[in-house]
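Please read the structure below before turning to the comments.
The values are calculated or read from the model by the stated rules, or taken from the named source; none is laboratory data. Small disclaimer: the values here were computed from a predicted structure and weren't measured. Please note: Cβ atoms are built from the backbone with ideal geometry, for glycine as well, and neighbour counts cover all protein chains shown.
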């Protein structure tokens, strides 16, 4: 019966939340990050050219090569490109990727919550998670592929941490490592924060060493991206362009989290924006009630807590051992969870509002890179789903399960109206955002932070409407370009205003330009491959695994 209800909910999510993500439809929707289709197209091009991992978009910026993939988290592009490689065109691959992110987020949230709560509260919590309005905002308004996949992968990583903490085994260890590796490379800023959050989550669990080892493996597996991103980032204008956005103009007013008009515009200063930052009234109501109940139970008497744990709450009966008999031991298991999820939920919501401006100002060298404080809303959704499920699990009344089934269907049907964008024909969309002119002349200016510093940023911007004339060596110079003149290696020291190498030669010469990864990039690749090999050996070797598990 439970499997049937889950299947019905899963199908309903596809039909209602995914109806505008049909890969076989002739329509698509526009969104803020209009460069996504072109990025996918270039990522796939590099894969087909066997430039693995892709590090540059060869056709961006007047075909001078643009090192966007060297610095922009690639996990969502690996996933989306897989659809292109099996036959879907770029637009349909993008729609499928958005749809898959919803389904993965739904399943991941359910599995995570099911570790603590009963079936029906967990399923309801999962629906509350993906129906929270920040999810469709990321897809149908912002079109932020990396961020929406972060929403999908974050609860999945927490689920594997929880599972591997209860009874570690090599299978869970492997998938925990892989899920963390994808999470840590799915969005530059959110992934960076997730490293700290996952670390904190691991520390409140048993079997810390084996989970921390998985986290270390995940970071090593991500070296192909993390190492160049950290060590070569200063070769671009990334930090400069990030600071051009005034973060103080993009705080959310607390009231906007409860109610703000749905729209397809942008983020502006003040309490009225062109897009909505409301989380969902039912999400907030259930989460608030769950949080109050959670705090209240933390201070209940020993006997009342113990009886409540065993009698009604799957969360506590699964987590707290039967031998727990005293108040101190109960709080040892109980308080860390309350603190983690309360801090995660309230802390992230606080960081998104103007109330946190003094903290942003104090830490502006770091926090200014986030550009938009409302990005912190993404972290709150797991905590909101957790407390909502906790509340629904703790309360008891007649026909509760039937009520939750109808609540699930109501949530899916009611919130489905937000899973829709500003539709245009697929043909028009492709002509606008996948044309040769758009890819070569416009995309790079939408993601200007990845321009190599060999070019003059201000002068480069003047060519946004009028393409520059081609030079003898028509590339934005970056260390992964190798230049040979008459068979001899040439390392340029002089560049024009677009970062193109200038050659002093009085005779006709044979010039050859090759793409070769830098030593840092090669080292990152080597660490990734070596780490994956060690990971496979670790999970296959029973003797080594037993030693590591302790």
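To keep it simple, each residue is scored yes or no on (1) modelled with pLDDT of 95 or more; (2) closer than 30 Å to residue 414 by Cβ; (3) out of contact with any strand residue (DSSP E or B) (no Cβ under 7 Å at 6 or more places or on another chain); (4) assigned to a helix (DSSP H, G or I).
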position: 3; (1), (2), (3), (4): no, yes, yes, yes
position: 24; (1), (2), (3), (4): no, yes, yes, no
position: 44; (1), (2), (3), (4): yes, no, yes, yes
position: 47; (1), (2), (3), (4): yes, no, yes, yes
position: 94; (1), (2), (3), (4): yes, yes, yes, yes
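Specify which of the listed residues (130, 139) is at pLDDT 95 or above and closer than 23 Å to residue 294 by Cβ. After ruling out the rest, the residue left standing is 130.
Let's see how each residue does on (1) assigned to a helix (DSSP H, G or I); (2) modelled with pLDDT of 95 or more; (3) in contact with a helix residue (DSSP H, G or I) (Cβ under 9 Å, 6 or more places away or on another chain); (4) outside the structural domain of residue 56 (by TED's automatic domain parsing):
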{"residue": "195", "(1), (2), (3), (4)": "yes, yes, yes, no"}
{"residue": "205", "(1), (2), (3), (4)": "no, no, yes, no"}
{"residue": "210", "(1), (2), (3), (4)": "yes, no, yes, no"}
{"residue": "218", "(1), (2), (3), (4)": "yes, yes, yes, no"}
{"residue": "260", "(1), (2), (3), (4)": "no, no, no, yes"}
{"residue": "270", "(1), (2), (3), (4)": "no, no, yes, yes"}
{"residue": "276", "(1), (2), (3), (4)": "no, no, yes, yes"}
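Scanning region 415-435 for residues that are assigned to a helix (DSSP H, G or I), out of contact with any strand residue (DSSP E or B) (no Cβ under 9 Å at 6 or more places or on another chain) and in contact (Cβ under 8 Å) with a residue 12 or more places away in the chain yields 415, 416, 418, 427. Residues of region 365-410 that are in contact (Cβ under 8 Å) with a residue 40 or more places away in the chain, surrounded by fewer than 21 Cβ atoms within 10 Å (Cβ to Cβ) and more than 25 Å from residue 291 (Cβ to Cβ): 367, 368, 369, 371, 372, 409.
Here residue 101 meets the list (1) surrounded by fewer than 23 Cβ atoms within 10 Å (Cβ to Cβ); (2) part of a helix (DSSP H, G or I); (3) within 18 Å of the chain's Cα centre (by Cα) almost entirely, failing just condition (1). Scanning region 503-525 for residues that are out of contact with any strand residue (DSSP E or B) (no Cβ under 7 Å at 6 or more places or on another chain) and touching a residue at least 60 places away in the same chain (Cβ under 8 Å) yields 517, 518, 520, 521, 523, 524, 525. Considering only residues in region 209-232 that are in contact (Cβ under 8 Å) with a residue 24 or more places away in the chain and surrounded by fewer than 16 Cβ atoms within 10 Å (Cβ to Cβ), the one that is nearest to residue 174 (Cα to Cα) turns out to be 209. Considering region 238-280 alone, what residues qualify as being touching a strand residue (DSSP E or B) at 6+ places or on another chain (Cβ under 7 Å) and surrounded by 20 or more Cβ atoms within 10 Å (Cβ to Cβ)? 251, 252, 277, listed by residue number.
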